[in-house]
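The values are calculated or read from the model by the stated rules, or taken from the named source; none is laboratory data. Since we're looking at a predicted model, the values are computed, not measured. Neighbour counts run over all protein chains shown; Cβ positions are idealised from the backbone, glycine included.
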Amino acid sequence: MILEFGLFCLGILGLLVFYTALAHLSERMGEGMGAQKYYLLYYFAIIILILTIPAGWPIYYASSNTSEDTLFARLIIGNIIVLAASYKYWWWLKDELLK
């Protein structure tokens, strides 16, 4: 049970590191090219993923299935925000480079 929760937290940590790297890269490239601040969406997704860790706690320790919906909803919302930020930023960048 502890191992499963540890792996869950490790997976969330991996996403947080990846999203932080994307945010930092997008921020630096966006400032250089004068892009809008789409990278702030990455930070918003990071906050949602940090809030996902406490939602996973009752699943592993209280055997409560009611919080699984909250857990998956937060994971999905965080990932959708990252996809939206990536789409907005990287497609804008592609359009600027092809001009």
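For this structure, a couple of remarks:
- Residue satisfying all of: in the range 47-76; loosely packed, with under 15 Cβ neighbours inside 10 Å and at pLDDT 75 or above; farthest from Glu4 (Cα to Cα) among these: Ile47
- Summed over the range 25-42, residues that are surrounded by fewer than 17 Cβ atoms within 10 Å (Cβ to Cβ) and over 20 Å from Leu97 (Cα atoms) total 1.
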